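The block underneath contains the structure these notes are about, expressed in structure tokens.
Every number in this text was worked out from the coordinates using simple rules, so none of it is lab data. No experiment lies behind these values; they were computed from the predicted model shown. Virtual Cβ from ideal backbone geometry, glycine too; neighbours counted across all protein chains shown.
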């Protein structure tokens, strides 16, 4: 992966080339061994004026004439690309596939980017009427607080923990610790969410190489296996959903991934969840089955999701501290879990990690993708 942040000196295609080259070198293969590629990006047309991303990257990375396909699913674009690559290999159609995710977001102003991201929700019934994503997640937070007694300090504790992990990740956008008091005193965006409850606007790219097991084992002594993959959808507008204090799509997608991998929540050693807002992490650790509904806040406050906790969450720093270049996030999560299972997460290694999970969400929960990864 590239360094996440405000990458003024590197353009969209340069970011992908950096991450893609690193992934191919890490895999120990040459480009002519790759037979297909998938890339996740949400809004390159509006953010940088560039569409037709698959062909652009095949050309720029010297991979012509292999097919590269762009995949879009809002903020879950990266994980959707990973899932497409996984299915391409699992089907037997391709032996070696490269999968990437990228977004170049900081070339436009905050208001313009916010409007573009708002298109990941219901444009007619939410964005057009002024409902921003901070506002939508604030409604979820308020309902969670009302129903389960979750406090603003509990929400803040998730951000504090992720910043602490981000300090240990050289690729993270923010490498400074914060306190609960810092979060509580930061500017209110949509009550109860404050600036330090929210993920930032970010540039970055990440990439992985996928291969059939027997092929992978011929290139590396420590491959990481995708043991389970699940995807689910829900109503795109919050007002149409049966559940407001969690994401039904996450629950369904994780159930599918757990079943395919033949594991359960108690078997997971480390997880990267979609913490676009602090409440999103609290709901995710409940929806994924790590804690009962309503216990996510207390669990975070008590340190159960810390590096040395009951279930380490967002060791990379998560979307909050590592950054959130929306198309790249799902792949970054897979990279982090891969490093954890290989024992290569310098400074933030979870002891004896053998099974990990990634959880990536599109919009406010209309798409959810979950992967379970196992150490070889």
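What is the spread of the Cα atoms of the range 25-94 along each of their three principal axes, largest first, in whole Å?
Result for the range 25-94: principal-axis Cα extents of 34, 24, 22 Å.
For residue 110 and residue 179, compute 0.36 nm times the residue count separating them, minus their Cα-Cα distance, and round to one decimal in nm.
Between residue 110 and residue 179, full extension yields 22.3 nm more.
Could you line up 94, 324 from fewest to most neighbouring Cβ atoms inside 10 Å?
94, 324
Kindly rank 50-61, 249-260 from highest to lowest mean number of other beta carbons found within 10 Å of each residue.
Result, highest mean first: 249-260, 50-61.
Helix 248-261: angle to the longest alpha-carbon principal axis of the chain, degrees 0 to 90, nearest 10?
Result, in degrees: 40.
Using DSSP, restrict attention to beta bridges with both residues in the chain and report what percent are antiparallel, rounded to the nearest 5. Each step should come with its number before you reach the end.
Details: 29 of 43 bridges.
Among the beta bridges of the chain, antiparallel pairing accounts for roughly 65 percent.
So what is the calculated 222 nm ellipticity per residue for the chain, using -39500 (n - 2.57) for each DSSP H run with n of 4 or more, over all residues, to the nearest 500 deg cm²/dmol?
Rounded to the nearest 500, the figure is -11000 deg cm²/dmol.
Would you mind telling me which residue in 278, 240, 354 has the biggest mean-square fluctuation in a Gaussian network model of the chain, where springs connect alpha carbons within a distance under 10 angstrom?
Comparing 278, 240, 354 in a Gaussian network model of the chain, the most mobile one is 240.
If I stretch the segment between residue 188 and residue 262 completely, what's the gain in nm (0.36 nm per residue apart, minus their alpha carbon distance), one decimal?
Net length gain for the segment: 22.4 nm.
What is the Cα centroid distance between the range 106-185 and the range 1-18, reported in whole angstrom?
Cα centroid to Cα centroid, the span is 23 Å.
For residue 212 and residue 240 in one chain, what is 0.36 nm times their gap in residues minus the Cα-Cα distance, to one decimal in nm?
In short, 6.0 nm is gained.
From Cα pairs below 8 angstrom and at least 6 apart in sequence, can you work out the relative contact order of the range 239-315, rounded to a whole percent?
It rounds to 31 percent for the range 239-315.
Rounded to the nearest 10 degrees, what's the angle between the helix 152-166 long axis and the longest principal axis of the chain, both from Cα atoms, 0 to 90?
Long axis of 152-166 versus the principal axis of the chain: about 30 degrees.
Hey, rough spin-label estimate for residue 352 and residue 220, points 7 angstrom out along Cα→Cβ, what's it come to in nanometres?
Inter-label distance under the simple model: 2.4 nm.
Of the peptides 265-277, 4-16, 142-154, how do they stack up when ordered by the mean number of other Cβ atoms within 10 Å, highest first?
Per-residue Cβ counts within 10 Å, averaged per peptide and sorted highest first, yield 265-277, 4-16, 142-154.
Cα axis of helix 133-148 to longest principal axis of the chain: angle in degrees, 0 to 90, nearest 10?
60 degrees
Among 283, 301, 25, which one shows the biggest mean-square fluctuation in a GNM of the chain, springs joining Cα atoms closer than 10 Å?
Judging by the Gaussian network model, the answer is 25.
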